[in-house]
Protein chains: 2
Amino acid sequence: MRRFLPLLLLAFAFPALAQTAPVPPPGNPASEIDSFNNHLAAATRAMDNSATLALWADEGISLLPSTDPIVGKPALAAFFNNVTSSIPGAHMEKFELQCHDLQLSGDLATEWCTEHQIVAIPNKPSFDCRGKMLLVLRRSPAGQWLLTRKMWNPA
Amino acid sequence: MRRFLPLLLLAFAFPALAQTAPVPPPGNPASEIDSFNNHLAAATRAMDNSATLALWADEGISLLPSTDPIVGKPALAAFFNNVTSSIPGAHMEKFELQCHDLQLSGDLATEWCTEHQIVAIPNKPSFDCRGKMLLVLRRSPAGQWLLTRKMWNPA
């Protein structure tokens, strides 16, 4: 189960289908990224795969423990599909996300976050997991902040 | 030993004493960061604590598995001291670092790396560890690229 942790986390953070990313209203980058974080938390909480994948840049790379780097949206989507298909009927009972210490320069930004998730899986004990994440966001030409790098490890 | 992995890694990547960071010769940011990576690898290979700490920004944050975030150079130095004092006589037999997919914007840059280290510890088996890292670098007003965020997990 310990090795499964990052897969499960990914499952609820990397959707399977394409969807339009939210375009932030005109504002300062810090508030735009706060809005991004809210979208990320909501998509994860709802286990809305397409909404979550839409938050990734095409070149996005996810770095999970004891797992090869997952490079690009097609690979993220495939990985996600593999994970969710392994836990049919699962749903997120709780997902909390707090992000800290935003740094910005031009079209790159970075923040680190803590997360706590409780996932109900039919006929199994709930999956209760706390982790840390280092996120790097890149602003697209259209003005959307998108995930370009993400690493996770246990809190 | 598994829980000790990140501590050991940190030990050889975060020195205890202040030292002047290398100022890159005028060049393009990609070659400057290539130079930074060479300095990081050399300092780690030599277990040169002061040289490694010099590669960190004052506000640097290290995110290790199952460990609270380590925030700022004094905390990094203290953490490093704690680790090295626990393994007297250890030396690095091998350290390899490969970094990939540099992204740059203004004074921020990000890359992800793989590392392989073999550490000889007196009266114990060698410590052989492979990991991945997500690095975020910030260029100082003096033109030095410095580590501002680092996360590690096992390869």
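Looking for something among the polar types (S, T, N, Q), within 14 Å of another protein chain (Cβ to nearest Cβ), within 28 Å of B:G60 (Cβ to Cβ) and in contact with a Ser or Thr (Cβ under 6 Å, 6 or more places away or on another chain) - is there at least one such residue anywhere in region A:104-111?
Yes, the conditions are met somewhere in region A:104-111.
Which residues, counting only those in region A:112-129, are over 25 Å from B:S62 (Cβ atoms), out of contact with any Ser or Thr (no Cβ under 6 Å at 6 or more places or on another chain) and not aromatic (F, W, Y)?
Within region A:112-129, A:V119, A:I121, A:P122, A:N123, A:K124, A:P125, A:S126, A:D128 qualify.
From B:K94, B:K150, grab the single residue that is within 16 Å of B:R45 (Cα to Cα), of a type outside the set (A, V, I, L, M, F, W, C) and either in contact (Cβ under 8 Å) with a residue 24 or more places away in the chain or within 12 Å of chain A (Cβ to nearest Cβ) (or both).
B:K94
With the requirement that a residue be of a type outside the set (K, R), free of Cβ contacts under 8 Å to residues at least 60 places away in the same chain and in a helix (DSSP H, G or I), what does region A:53-79 give you?
A:L53, A:P74, A:A75, A:A78
Of all residues in region A:123-145, which are buried (at least 20 other Cβ atoms within 10 Å of the Cβ) and within 11 Å of another protein chain (Cβ to nearest Cβ)?
Result: A:K132, A:M133, A:L134, A:L135, A:V136, A:L137, A:R138, A:R139.
Output the residues belonging to region B:80-135 that are hydroxyl-bearing (S, T, Y), in contact with a strand residue (DSSP E or B) (Cβ under 7 Å, 6 or more places away or on another chain) and not in a loop (DSSP other than H, G, I, E, B).
Scanning region B:80-135 gives B:S105, B:T110, B:T114.
Could you go through region A:112-122 and let me know if any residue there is within 27 Å of B:G131 (Cα to Cα), surrounded by fewer than 15 Cβ atoms within 10 Å (Cβ to Cβ) and within 14 Å of chain B (Cβ to nearest Cβ).
Checked against the condition, which is being within 27 Å of B:G131 (Cα to Cα), surrounded by fewer than 15 Cβ atoms within 10 Å (Cβ to Cβ) and within 14 Å of chain B (Cβ to nearest Cβ), region A:112-122 yields no hits at all.
Out of region A:136-147, which residues are in a loop (DSSP other than H, G, I, E, B) and touching a residue at least 60 places away in the same chain (Cβ under 8 Å)?
A:S140, A:A142, A:G143, A:Q144
Looking only at region B:61-76, which residues are in contact with a Ser or Thr (Cβ under 9 Å, 6 or more places away or on another chain) and crowded, with 20+ Cβ neighbours inside 10 Å?
Within region B:61-76, B:I61, B:I70, B:L76 meet the criteria.
For region B:62-76, does any single residue satisfy the condition of being away from chain A (no Cβ under 14 Å) and over 11 Å from the mean Cα position of the chain (by Cα)?
Scanning region B:62-76, I find at least one residue that is away from chain A (no Cβ under 14 Å) and over 11 Å from the mean Cα position of the chain (by Cα), so the answer is yes.
Please go through (1) closer than 22 Å to A:M133 by Cα; (2) out of contact with any Lys or Arg (no Cβ under 6 Å at 6 or more places or on another chain) for B:I61 and return the number of the only condition it doesn't satisfy.
(2)
Read-outs: derived from the displayed coordinates by stated rules, not from any lab. These figures come from a predicted structure and were not determined experimentally. Counting neighbours? That spans all protein chains shown, and the Cβs are built from the backbone with ideal geometry, glycine included.
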